[in-house]
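Okay, structure first, notes after.
The values are calculated or read from the model by the stated rules, or taken from the named source; none is laboratory data. The shown structure was predicted, so the numbers you read here are calculated from the model rather than taken from an experiment. Cβ coordinates were reconstructed from backbone atoms using ideal geometry, including for glycine residues, and neighbour counts include every protein chain displayed.
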Amino acid sequence: MTSKTNALIYFLAFSSGFSIMGIELLGGRILAPYFGSSVHIWGSIITVFMLSLSFGYLIGGKLSTKNASLTRYGLIFIFASITVLPIVFFSQELMELIFTNIEDSRYGSLVASMVLFFIPTIILGMISPYSVRLLVTDSEKSGQVAGRLYFVSTLGSALGTIITSFYMVLAFNVNDIILGFSLTLGLLGLLAIILHKSIFKAHMKTTLNSSAVN
Amino acid sequence: MFKYLSLIALILLPTLSSAKVIHSERSLYRNIIVNEEGNQRCLKFNTKSSKTNQSCVFKDDPNKLVFNYTKLVFSSLLMIDDPKKVLIIGLGGGTLSNTIHQIYPNAYIDNVEIDPAVTKVARDYFGFIENEKITSVEQDGRIFIKRAKLKKQQYDWIILDAFNGDYIPEHLLTKEFFEETKSILTSKGIISANTFSSSKLYNHESATYHDVFGDFINVSNQKNSNRIILAGYTKQPNKETINARVQKLIPLLKPFNIDIEGISKNMKPTKDNIDWPVDTRVLTDQYSPANLLNL
């Protein structure tokens, strides 16, 4: 891994932290028309995000043990980008359905949060442990790498929270902001894959050249 | 230094001693304070400053309304015949509900309040009346109205009074919410909203009401920052109708210290009098930064 790839991985982890909290914050906005803005709305949203992140860490860690590569890493981002889209396109219908079937707005909001945010947040949660796997080359430095990664992704979360709530909601529709997150995640995933392919090609070239010399 | 401190103490002491806090609690949503000052008992949210007074009553005459805005709400009665089913979103001290019940003892009144502690304080300290005709539900106003729509309930007078001076529940100030509210309004009904918007939000709020209801009426007196919006009527009543209603209401509203004749002169329809830029962005569930626009 070159320092360029490492920088990309940190940047991707930053962006995923940014998106996770941006989406979580907008979750309150999305649920309010159907389930109100009482404190239990945030209870539901935070519960679901924490739960899915915890599963995401577990799954991402497991996944990183087999053929870890920048391409697979990029695919996680693309997958996350796609699973965020139902929030934009189907949330009204889904919440309408939940609203008519569940009278108690606590459980209504919990189910709605599950349906809308569980899957994408699991996938976004997979990114952190996978990043550690790609970045660590020396077990002596694994703690340092993990620390740096948490720093970058949590900093992303902090910025995602403040920028979304202070500025983005003043300028854009909720759906447009989420589409923006989805697009960013997808493009970054693609970038990781392209970079991997080009590194691979360059690597193949040098190997071929050196074997030709030999 | 000490000199200044004692000076400050001297200034503060009389105000502190004359306002007596008789109840205070921290609810899920806010601090609730009930205090008494002279002849008034007031419900306050969050701080002791008088800006956040939510509801006040005169101790010697609880029927008399203290606040101007509460009186202005009754301009709604110039727009409709006697109301039979009333919905109030935001209970406060229960003053509106009590007053309407005394004017129209046969009307059904549903009160919706998100904070159980407010309902309790209304009962314990402000004589909030509940009986077979008057209910109070502890729920978010948006959810109540959505459920009422599902159950096909309708009201002929809907009062939106869920805003306080410091905070606006943003999901109660969107195009979609107003459309839902409109859907539970009878064809001859009226919606009255008590709002505090200033500057930028004033424009957005007006544009949103206009988008859903077409022309509406602003009721305010220059003295304070809030206004009552009357919306949802299909035809603006003519002068004769309004005058006839004024004459009918004068004796009914007098015990409550409501000068309906004076109020009728402060009603400004937006017809031919749009006082916001026409390209103002309408607030929707997708775009509702109401509190940020009201800074």
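Among the numbered conditions (1) on the phi > 0 side of the Ramachandran plot; (2) within 19 Å of the chain's Cα centre (by Cα), the only one that residue B:152 does not meet is (2). Looking at A:177, A:163, A:194, just one residue is in a helix (DSSP H, G or I) and farther than 21 Å from residue A:79 by Cα, and that residue is A:163.
Checking each residue in the stretch B:171-184 for being surrounded by fewer than 24 Cβ atoms within 10 Å (Cβ to Cβ), in contact (Cβ under 8 Å) with a residue 60 or more places away in the chain and closer than 17 Å to residue B:285 by Cα picks out B:174, B:175, B:176. Here are some residues: B:128, B:144. Which one is buried (at least 17 other Cβ atoms within 10 Å of the Cβ) and without any contact (Cβ under 8 Å) to a residue 40 or more places away in the chain? Of the residues listed, the single one that is buried (at least 17 other Cβ atoms within 10 Å of the Cβ) and without any contact (Cβ under 8 Å) to a residue 40 or more places away in the chain is B:128.
For the stretch B:199-221, the set of residues classified as in a loop (DSSP other than H, G, I, E, B) and under 24 Å from residue B:262 (Cβ atoms) consists of B:215, B:216, B:220, B:221, listed by residue number.
So for the stretch A:80-101 (the condition being closer than 26 Å to residue A:62 by Cα and surrounded by fewer than 17 Cβ atoms within 10 Å (Cβ to Cβ)), does at least one residue qualify? There is at least one residue in the stretch A:80-101 that is closer than 26 Å to residue A:62 by Cα and surrounded by fewer than 17 Cβ atoms within 10 Å (Cβ to Cβ).
No other residue among A:90, A:99 is of a type outside the set (A, V, I, L, M) and touching a residue at least 24 places away in the same chain (Cβ under 8 Å) apart from A:99. Of all positions in the stretch A:70-87, none carries a residue that is in contact with an Asp or Glu (Cβ under 9 Å, 6 or more places away or on another chain) and within 14 Å of another protein chain (Cβ to nearest Cβ). Evaluating residue B:196 against the criteria (1) crowded, with 23+ Cβ neighbours inside 10 Å; (2) closer than 29 Å to residue B:259 by Cα; (3) not β-branched (Val, Ile, Thr) leaves one unmet condition, (1). For the stretch A:102-127, the set of residues classified as surrounded by 24 or more Cβ atoms within 10 Å (Cβ to Cβ) and in contact with a Leu (Cβ under 8 Å, 6 or more places away or on another chain) consists of A:109, A:112, A:113, A:116, A:121, A:124, A:125, A:126, A:127, listed by residue number. Determine whether the stretch B:67-87 contains at least one residue that is within 14 Å of chain A (Cβ to nearest Cβ) and either part of a helix (DSSP H, G or I) or surrounded by fewer than 24 Cβ atoms within 10 Å (Cβ to Cβ) (or both). Within the stretch B:67-87 (the criterion being within 14 Å of chain A (Cβ to nearest Cβ) and either part of a helix (DSSP H, G or I) or surrounded by fewer than 24 Cβ atoms within 10 Å (Cβ to Cβ) (or both)), the answer is no, since none of the residues qualifies. Of all the residues that make up the stretch B:246-277, how many are farther than 30 Å from residue A:36 by Cα and either touching a residue at least 60 places away in the same chain (Cβ under 8 Å) or acidic (Asp, Glu) (or both)? Count: 20. For the stretch B:88-170, the helices (runs of 4 or more DSSP H) that sit wholly inside it and include 3 or more residues that are at pLDDT 95 or above, within 14 Å of another protein chain (Cβ to nearest Cβ) and touching a Pro at 6+ places or on another chain (Cβ under 9 Å) are B:141-150. Of all residues in the stretch A:34-59, those that are more than 14 Å from every other protein chain (Cβ to nearest Cβ) and surrounded by fewer than 21 Cβ atoms within 10 Å (Cβ to Cβ) have Cβ atoms under 7 Å from Cβ atoms of residues that are part of a helix (DSSP H, G or I) and of a type in the set (Gly, Ala, Ser), 6 or more apart or on another chain, in A:53/A:125; A:55/A:125; A:57/A:125; A:57/A:128. Only one of B:271, B:235, B:248 is part of a helix (DSSP H, G or I), away from chain A (no Cβ under 14 Å), surrounded by fewer than 19 Cβ atoms within 10 Å (Cβ to Cβ) and of a type in the set (Lys, Arg); which? Result of the check over B:271, B:235, B:248: B:248. Quick check on residue B:166: is it farther than 21 Å from residue A:103 by Cβ and over 18 Å from the mean Cα position of the chain (by Cα)? No. Annotation note: Cβ proximity below 8 Å between a residue of the stretch B:147-165 that is charged (D, E, K, R) and a residue that is assigned to a helix (DSSP H, G or I) (sequence gap 6+ or interchain) occurs for B:149/B:180; B:149/B:183; B:161/B:73; B:161/B:96. Looking across the stretch B:276-295 at every residue that is modelled with pLDDT under 90 and not in a helix (DSSP H, G or I), the one that is nearest to the other protein chains (Cβ to nearest Cβ) is identified as B:295.
Taken over the stretch B:203-228, the criterion of being touching a helix residue (DSSP H, G or I) at 6+ places or on another chain (Cβ under 6 Å) and under 18 Å from residue B:83 (Cβ atoms) is satisfied by B:219, B:228. When both residues are 6+ apart or on different chains and their Cβ atoms are under 6 Å apart, which pairs have a first residue that lies in the stretch B:21-42 and is within 14 Å of chain A (Cβ to nearest Cβ), and a second that is surrounded by 15 or more Cβ atoms within 10 Å (Cβ to Cβ) and of a type in the set (Asp, Glu)? Final answer for the pair search is B:27/B:115; B:29/B:115. Candidates are the residues of the stretch A:153-183 that are of a type in the set (Ser, Thr, Tyr), more than 16 Å from residue B:290 (Cβ to Cβ) and crowded, with 17+ Cβ neighbours inside 10 Å; the one that is nearest to the other protein chains (Cβ to nearest Cβ) is A:164.
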